[in-house]
Amino acid sequence: MAQEQSVGKQVAMVFDLNKCLGCQTCTIACKTLWTDQPGMEHMWWNIVNTLPGDGTPKGWFEMGGGFKDGQPVPGTLPSRAQWGEAWEFNYDEVYYGGKGDSVYLKPKGEAPTWGPNWDEDQGAGEYPNSYYFYIQRICNHCTKAACLEACPRKAIYKRPEDGIVLIDENACHGYRFCIEACPYKRIYFNTQRLIAQKCIFCFPRVEQGVAPACTRQCPGRIRHVGYLDDEDGHVYKLVKKWKVALPLFPDKGTQPNLYYVPPLAPPRFDENGDIDESTPRIPDEYLEYLFGTDVYQALATLKAEMEKKRRGEPSELMDLLIGYRWTDLMGPFAKDPAKLHRPA
Ligand code: SF4
Ligand code: SF4
Ligand code: SF4
């Protein structure tokens, strides 16, 4: 039975899908900080996938897990091929081989057929009405964490002080039931240490008032971080007051704590090249599939507030999303990382 883990406060993030550049700065910020050790080569605790697309691991949204009517839904274990292997590139040949521009950068050895972000920037639809958008994916630090309930070792726990979901690496025996159970497929398996590993919400930074690396380093100012119930914070205002930030796949039953401002798109063109506003460029049913029926009200609110701003009227919502002062997006975690206390 899905259990709600009660916590005093819950950290949460909001991602504005209308502002993401797809630059993967967040991905590399996490990679260089947390997953650059042996056995972690294939791990991307933060990754920005393109939608519509198969994502990382390939087809993760059809791999089960989570809960339905409070009962666990069987999940599957992604294969290494579905995750995609880390590739070696021919850097030596290109940069030091003296072959000029007759060679180009490519993976070494057998040509891969899948990898993390393989379908980046492909999207869907026919030109000139094609479309895509980016989706930022880290562990959701769920309120009803399916990974936690699936672990027979009780190696996964949710911190009462901030709701961060962590794996105790000393207690983990590598059964991987958590990976099957997570409907977002955000847990990786370390084949060298034989343990499960995932996003830790940068808890050593958060504990010192410093934002997670993926969020702090985002040049697009798309990420807002804070406590869900802090009524003065951006997260609360976007999720609970304005209701424009929605969880991804809420029907997976885990009560995720990541929220997304759904994407708007330019209007379609008809066969004469004229603007056709009769149907949206991104199909409604696709956005409903991702975010549930609340997406319609969220989009309507966004459009109405954009119009107000265009007319020169004030809009708290637009000001929040624009993020004039980037430190405001960091909520209570705006402290400079240079001031982090590191153990000697
Ligand atoms: Fe667990 Fe997956 Fe939820 Fe993260 S996203 S807390 S790994 S169920
Ligand atoms: Fe990585 Fe920290 Fe972002 Fe989690 S919160 S994805 S650990 S950088
Ligand atoms: Fe998007 Fe920000 Fe990540 Fe760049 S760093 S891909 S803008 S979320």
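May I ask you to list pairs of residues, at least six apart or on different chains, whose Cβ atoms are under 6 Å apart, with the first in the range 137-154 being closer than 19 Å to Val14 by Cα and open to solvent by less than 10 Å² (accessible area, probe 1.4 Å) and the second being modelled with pLDDT of 95 or more and small (Gly, Ala, Ser)?
His141/Gly163
Look through the range 127-164, keep the residues that are within 16 Å of ligand 2 (Cβ to nearest atom) and outside any loop (DSSP other than H, G, I, E, B), and return whichever of them is farthest from Thr279 (Cα to Cα).
Restricting to residues being within 16 Å of ligand 2 (Cβ to nearest atom) and outside any loop (DSSP other than H, G, I, E, B), the top hit is Ile156.
Quick one: how many residues across the range 7-26 are buried (at least 21 other Cβ atoms within 10 Å of the Cβ) and of a type in the set (Ser, Thr, Tyr)?
0
Out of the residues in the range 190-207 that are out of contact with any Phe, Trp or Tyr (no Cβ under 9 Å at 6 or more places or on another chain) and surrounded by fewer than 23 Cβ atoms within 10 Å (Cβ to Cβ), which is nearest to Leu17 (Cα to Cα)?
Phe203
Exactly one of (1) within 18 Å of Asn49 (Cα to Cα); (2) in contact with a helix residue (DSSP H, G or I) (Cβ under 9 Å, 6 or more places away or on another chain) is unmet by Glu180. Its number?
(1)
For the range 208-224, give me each residue that is crowded, with 20+ Cβ neighbours inside 10 Å and either away from ligand 3 (no atom under 12 Å from the Cβ) or within 30 Å of Pro152 (Cβ to Cβ) (or both).
Listed by number, the residues that qualify are Val210, Ala211, Pro212.
Kindly state which helices (runs of 4 or more DSSP H) lie completely within the range 1-97 and contain at least 3 residues that are touching a residue at least 12 places away in the same chain (Cβ under 8 Å).
25-34, 80-83
Would you tally the residues in the range 28-39 being away from ligand 1 (no atom under 16 Å from the Cβ) and open to solvent by less than 10 Å² (accessible area, probe 1.4 Å)?
So the answer is 2.
Pairs, please: C-beta under 7 Å, at least 6 apart or cross-chain, first residue farther than 30 Å from Val11 by Cα and in contact (Cβ under 8 Å) with a residue 12 or more places away in the chain and in the range 256-276, second part of a strand (DSSP E or B) and open to solvent by 50 Å² or more (accessible area, probe 1.4 Å)?
These pairs meet every condition: Pro267/Ile275; Phe269/Ile275.
The values are calculated or read from the model by the stated rules, or taken from the named source; none is laboratory data. Just so we're clear, the structure is a prediction, and the values are computed from it rather than from any experiment. Glycine gets a Cβ as well: all are built from the backbone with ideal geometry, and neighbour counts include every protein chain shown. Quick note on the areas: whole protein, heavy atoms, side chains included, nothing else; ligands and nucleic acids left out. Shrake-Rupley method; radii C 1.70, N 1.55, O 1.52, S 1.80 Å.
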